[in-house]
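Please read the structure below before turning to the comments.
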Amino acid sequence: MDTKPNDLLVLLTVSRSAKFTTAAQTLGLNHTTISRRIAALEKSLGGRVLSRASGGWELTELGEEAVRVAEQVEIAVSSLGESGRGPDPITGVVRMTATDGFSAYVAAPAVAKLRRRHPGLSVEIVTVTRQALQQRSGLDIEVVVGEPQVHRAEAFELGEYELGMYASQDYLAENGTPATEDELTEHRLVYFVDSMLQVDDLDAPRRLVPTMKDGLSSTNVLVHVEATRASAGIGFLPCFMADLHDDLVRLFPETLSERLPYWMVLRPDSMRRPAVAAVVRALRDQTIAHGEALMGRGVRSGIAR
């Protein structure tokens, strides 16, 4: 078997993006060269290392074995850096998806803090509110709402957060403060677009106040917060986001609330990469450190201040 280390490193780069074009840009090669290197590797190993998936390329079992070897090659090559200094293993690109709120108020500050210690690290965050994927080519970490049902993946609960009903002071001054939950039906709801909601656990306001009609709907929770502040209606908002704003008033906190869990999903091989493991630890630490604010028990200074 005549396997070239460079071909292994090409496969490693493809495995981290799931796309030949992205790998080519990262390595400064063209798409044809990437394809040729992968073909040469498969010939030397006697089998396929990649298979087509909906999001790009996915490693086969042989490919996973080859990537484990490639990671050792990468570490050995990086050790040839500055003399007298060991290489920083926490480097390279980590790709993750998470909800809008978690991305902005938990992931972003956690990654910023981590990068101050490891400047060679780059983290790509795609904001999306959906169920965990069954195939996660090119994706290292997913943070989702609710317990996921996944195969060939590791999943664990990060922590809980609370949502509640909020209205702006200006809105209440103009429209009156509802004295009972039944009076909420006289007001419009600011929340997710019902027909596009992909996470069943997020149906709480339509379950708690089923006769409340939609006012302004959006797929982005940051829009929910700003629309509620702009008096578009009464919003069902994550407390850790709403409590940052002194102009928002929480309504019926004892009865109209919902606690939901954040779960993290990882590919089985992801934690072998020091960079991924470091991001996972940073996200867990940030979630734990701000547990009170996530549950709506923090001071108004909240997470971001």
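The values are calculated or read from the model by the stated rules, or taken from the named source; none is laboratory data. These numbers come from a predicted model, not from an experiment. Every residue, glycine as well, gets a Cβ built from its backbone with ideal geometry; the counts of neighbours run over all protein chains shown.
Contact map, region 102-129: first residue small (G, A, S), second residue buried (at least 21 other Cβ atoms within 10 Å of the Cβ), Cβ cut-off under 6 Å, separation 6 or more or different chains; pairs are A107/A98; A110/A282; A110/L283; A110/Q286.
Entry remark, region 25-41: residues being without any contact (Cβ under 8 Å) to a residue 24 or more places away in the chain and over 23 Å from S270 (Cβ atoms) number 9 in total.
Does region 282-290 contain at least one residue that is modelled with pLDDT under 95, surrounded by fewer than 16 Cβ atoms within 10 Å (Cβ to Cβ), small (G, A, S) and in the same structural domain as V143 (by TED's automatic domain parsing)? There is at least one residue in region 282-290 that is modelled with pLDDT under 95, surrounded by fewer than 16 Cβ atoms within 10 Å (Cβ to Cβ), small (G, A, S) and in the same structural domain as V143 (by TED's automatic domain parsing).
Conditions tested, residue by residue: (1) more than 20 Å from L260 (Cα to Cα); (2) assigned by TED's automatic domain parsing to the domain that holds A167; (3) in contact (Cβ under 8 Å) with a residue 60 or more places away in the chain.
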position: V190; (1), (2), (3): no, yes, no
position: S195; (1), (2), (3): yes, yes, no
position: V199; (1), (2), (3): no, yes, yes
position: L202; (1), (2), (3): no, yes, yes
position: P205; (1), (2), (3): no, yes, no
position: L216; (1), (2), (3): yes, yes, no
position: N220; (1), (2), (3): no, yes, yes
position: V225; (1), (2), (3): no, yes, no
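Reported count of residues in region 36-63, each being closer than 21 Å to R273 by Cα and surrounded by 16 or more Cβ atoms within 10 Å (Cβ to Cβ), is 8.
S15 meets the stated requirement of being modelled with pLDDT of 80 or more, outside the structural domain of D140 (by TED's automatic domain parsing) and of a type in the set (S, T, N, Q).
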